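The values are calculated or read from the model by the stated rules, or taken from the named source; none is laboratory data. Computed from a predicted structure; not experimentally measured. Cβ coordinates were reconstructed from backbone atoms using ideal geometry, including for glycine residues, and neighbour counts include every protein chain displayed. These area figures cover heavy atoms from the full protein model, side chains too; ligands, DNA and RNA do not enter into them. Shrake-Rupley method; radii C 1.70, N 1.55, O 1.52, S 1.80 Å.
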Amino acid sequence: AQSVTQLDSHVSVSEGTPVLLRCNYSSSYSPSLFWYVQHPNKGLQLLLKYTSAATLVKGINGFEAEFKKSETSFHLTKPSAHMSDAAEYFCVVSDRAGNNRKLIWGLGTSLAVNP
Amino acid sequence: GAVVSQHPSRVICKSGTSVKIECRSLDFQATTMFWYRQFPKQSLMLMATSNEGSKATYEQGVEKDKFLINHASLTLSTLTVTSAHPEDSSFYICSARAGADSGNTIYFGEGSWLTVV
């Protein structure tokens with residue numbers, strides 16, 4: 001069965017410093033992996049996704065993530081944090097059971113960006 | 001890009017009444033839609049998977065008679081919370097999956113805040 005573990009429930013960085021949000025997964029299949037962002041009182045926005053192409057995936061707003069099969073990780077990074085990056089981030093793996101491909105969600109990491 | 005619209009974005013209802021939330025895919029057809037519930041500062045919990053023209057598949061622990069899901073067309077799914085109680089107050093989010101020609105991408109609505117008083 002698929003599962004996702006976000007290793008930090010809360011991360012705090014200073015503006016202009018790098019961001020690292022960690023995610024480990026387990027999957028019986030070749031997984032599809034996603035990072036979503038949710039700003040306060042807003043819906044979910046897809047940041048990036050990995051679907052068995054290049055292992056380094058570039059997303060929107062300067063974020064990127066690297067799929068490392070040997071480490072079963074899909075950590076999200078950004079070289080320089082901006083105040084507008086403060087939000088909740090979810091790592092997600094696609095469950096390929098049947099044809100529905102449900103999404104299995106991590107518990108989320110709250111990112112705070114300090115001035 | 002593809003847009004999924006949820007309506008209403010916020011709703012307050014009295015305890016014991018029913019409330020309907022709509023989820024529409026605006027520029028693509030979605031054979032599959034998903035309904036999630038999110039408690040404050042927690043992750044999304046999948047409630048049910050809705051396939052157009054067939055009965056929804058509910059996750060374990062979700063009461064299908066309380067959370068009625070109808071997926072009547074390829075662009076509309078509805079969630080009806082029946083006989084709502086304060087503990088049903090939550091943030092409900094739907095998502096819709098585009099077809100294979102769009103990479104089976106899943107798009108999310110902006111969510112609906114339900115408050116039961």
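Observations, loosely collected:
- Alpha-carbon centroid distance for the pair the range B:47-65 / the range A:1-75, whole angstrom: 28 Å
- Whether the range A:26-66 is rounded, prolate or oblate, judged on the alpha carbon gyration tensor where a/c under 1.5 counts as rounded: oblate
- Solvent-accessible area buried by A and B, counting both chains, probe 1.4 angstrom, square angstrom: 1500 Å²
- Protein heavy-atom surface of chain A, 1.4 angstrom probe: 51% of the accessible area is carbon and sulfur, with nucleic acids and ligands not counted.
- The A:E64 and A:L107 beta-carbon pair, evaluated with R₀ = 30 Å, returns a calculated FRET efficiency of approximately 0.85.
- Averaged over A:44-55, number of beta-carbon atoms from partner chains that fall within 10 Å: 2
- Placing +1 on each Lys and Arg Cβ and -1 on each Asp and Glu Cβ, with no other charges, gives chain B a dipole about its Cα centre of roughly 220 debye.
- Options A:N61, A:S80, A:N114, ranked by Cα towards positive dipole end of chain A, top entry (Cβ charges): A:N61
- Near B:R24, once Lys and Arg are set to +1 and Asp and Glu to -1 for all other residues with Cβ below 15 Å from its Cβ, the sum equals -2.
- Environment charge of B:G111, counting only residues whose C-beta is closer than 12 Å and scoring Lys/Arg +1, Asp/Glu -1: +2
- Model label zone, B:S18; criterion: amide N under 15 Å from point 7 Å along Cα-to-beta-carbon; scope the range B:83-112: B:83-85
- On a per residue basis, chain B carries 49 Å² of accessible surface, using protein heavy atoms and a 1.4 Å probe.
- Averaged over peptide B:49-58, the number of partner chain Cβ atoms lying within 10 Å of each residue's Cβ comes to 1.
- Close amide H contacts of B:I21 (hydrogens built in the peptide plane, cut-off under 5 Å, sequence separation of 5 or more or a different chain): B:L79, B:T80, B:V81.
- Neighbours of A:T77, meaning other residues whose beta-carbon lies under 14 angstrom from its beta-carbon, give a summed charge of 0 when Lys and Arg score +1 and Asp and Glu score -1.
- Chain B - percent of accessible surface contributed by carbon and sulfur, probe 1.4 Å: 50 percent
- Set of lysines with alpha-carbon distance to A:K78 below 22 Å, sequence-local pairs under 8 removed: A:K42, A:K49, A:K58, A:K68, A:K69
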